[in-house]
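Report on the following structure.
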Amino acid sequence: MTAAYPTLDDHLAGQDVPEALKVVVAAIATECVAIAGVVRLGGLAGALGLAGTANVQDEEQKKLDVMTNDMLTERLKACQPVAAVGSEEMDLIEPTGRTGGYLVTFDPLDGSSNIDINAPVGTIFSILPAPEGRAPVEADFLIGGRKQVGAGYAVYGAQTMLVLTLSGGVTGFTLDAQGRWHLTNPDIVVPADTKEFAINMSNRRHWAPAVRAYIDDCLAGKTGPRGKDFNMRWVAAMVADVHRVLMRGGVFLYPWDQREPDRPGKLRLLYEGAPMALLIERAGGKATTDGVTPILDVIPRNLHERCAVALGSANEIDAYAGTPAGNDLRQV
Ligand code: AFP
């Protein structure tokens, strides 16, 4: 049945990108197959529960955060064209001892609070060019999302899928029982219009007034200013929420809020915001911090910098930006 679909290897062979980049993507895809195996086994692989440690953002690490971080780090450090890696779960970058080639940042297990309840989680990655002729330093990672040469994610859900962009559009692959990726979604496009939004509503009281105004307008439905009924979804794993947006449209919002006024939201720019923004823009959607500023134009100041996120169907992101008092959709 799967013979009808080209494999990831077939697809990569036809891509007009450097062979070394294909090697990096293949290494990530291979490790995502291994991660999918551990996720699938859960408690049987000793993968549930807390690790008893915290990451650089002082967030509790789950066992699977640590396991998957080690798996992907080890794979990429052994991958010839990779000069250094950076991860949500590591304080500092880890150079591989090689020069040139690529830098890879990743969130090895996004949505890890979903692990213990058997809900979707994923791996997000971003690939940047490495400096030539010298060992990379953290500043080499801080060049902005437009410089990404590739980005993608694996989502471990009802199906395990890999979604990828290199030089062109956005493609989706489905994992078969033998551990091979098949090109099931050759040209993913985000519809311009939607009636679906994703935001953590429990934070409503902390949002800027313009965010509240936008959501209130959506909730008012057909008889409100938007003139249509909206639906809401929140998987609590960016990877799964963004996957839904790529599959059927919608907007995904994680705005700045007043609990931590000096930090622009919860999500991380390098290994969450930027790779997802590249995928969404390449699929015809908009990916912004505030409805207007493209995430890809934000130049990070450090490896673990956060960014506000408003991405998805283009016309709906415009509606978000156009909410009265829209200038209050602040990004610190
Ligand atoms: P965890 O990996 O710590 O579960 O966080 C996931 C995440 O960073 C992102 O994937 C979700 O969109 C967001 O947090 C969910 O945040 P809430 O806690 O506000 O639901």
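Just one residue in the set Gly86, Gly169 is touching a Lys or Arg at 6+ places or on another chain (Cβ under 7 Å) and either touching a residue at least 12 places away in the same chain (Cβ under 8 Å) or closer than 30 Å to His182 by Cβ (or both); that residue is Gly169.
Taking the listed residues Asp91, Asp65, the one that is assigned to a helix (DSSP H, G or I) and under 24 Å from Gly265 (Cα atoms) is Asp65, with no other qualifying.
When Leu270 is tested against (1) in contact with a strand residue (DSSP E or B) (Cβ under 6 Å, 6 or more places away or on another chain); (2) away from the ligand (no atom under 16 Å from the Cβ); (3) under 26 Å from Gly145 (Cα atoms), exactly one condition is not met: (2). Can you find a residue in the range 21-38 that is in a helix (DSSP H, G or I), within 16 Å of the ligand (Cβ to nearest atom) and in contact with a Ser or Thr (Cβ under 6 Å, 6 or more places away or on another chain)? Among the residues of the range 21-38, at least one is in a helix (DSSP H, G or I), within 16 Å of the ligand (Cβ to nearest atom) and in contact with a Ser or Thr (Cβ under 6 Å, 6 or more places away or on another chain), which makes the answer yes. Within the range 213-240, the set of residues being within 16 Å of the ligand (Cβ to nearest atom) and either surrounded by fewer than 13 Cβ atoms within 10 Å (Cβ to Cβ) or more than 22 Å from the chain's Cα centre (by Cα) (or both) comprises Ile215 only.
Note on the range 270-289: residues that are buried (at least 24 other Cβ atoms within 10 Å of the Cβ) and either free of Cβ contacts under 8 Å to residues at least 60 places away in the same chain or not in a helix (DSSP H, G or I) (or both) amount to 5. Just give me the residues in the range 99-146 being more than 16 Å from the ligand (Cβ to nearest atom), surrounded by 16 or more Cβ atoms within 10 Å (Cβ to Cβ) and in a helix (DSSP H, G or I), in sequence order. Across the range 99-146, the qualifying residues are Asp140, Phe141, Gly145.
Residue by residue through the range 49-61, note down the ones that are in a loop (DSSP other than H, G, I, E, B) and out of contact with any Lys or Arg (no Cβ under 7 Å at 6 or more places or on another chain). Listed by number, the residues that qualify are Asn55, Val56, Gln57, Asp58, Glu59. Whenever a residue of the range 198-221 is over 14 Å from Val309 (Cβ atoms), its partners that are within 16 Å of the ligand (Cβ to nearest atom), lying with C-beta atoms within less than 6 angstrom and at least six residues away or across chains, give the pairs His206/Asp257; His206/Gln258; His206/Arg259; Cys218/Phe197. Only a single item in (1) assigned to a loop (DSSP other than H, G, I, E, B); (2) within 20 Å of Val251 (Cα to Cα) is not met by Gln178, and it is number (2).
Scanning the range 3-36 for residues that are surrounded by fewer than 14 Cβ atoms within 10 Å (Cβ to Cβ) and touching a residue at least 60 places away in the same chain (Cβ under 8 Å) yields a count of 2.
Name the single residue, out of those in the range 39-48 being surrounded by 14 or more Cβ atoms within 10 Å (Cβ to Cβ) and outside any helix (DSSP H, G or I), that is modelled with the lowest pLDDT. So, considering only residues that are surrounded by 14 or more Cβ atoms within 10 Å (Cβ to Cβ) and outside any helix (DSSP H, G or I), the one modelled with the lowest pLDDT is Ala47. Whether a residue is of a type in the set (A, V, I, L, M), at pLDDT below 95 and away from the ligand (no atom under 16 Å from the Cβ) was assessed, and Met71 does not pass this test.
The values are calculated or read from the model by the stated rules, or taken from the named source; none is laboratory data. Just so we're clear, the structure is a prediction, and the values are computed from it rather than from any experiment. Every residue, glycine as well, gets a Cβ built from its backbone with ideal geometry; the counts of neighbours run over all protein chains shown.
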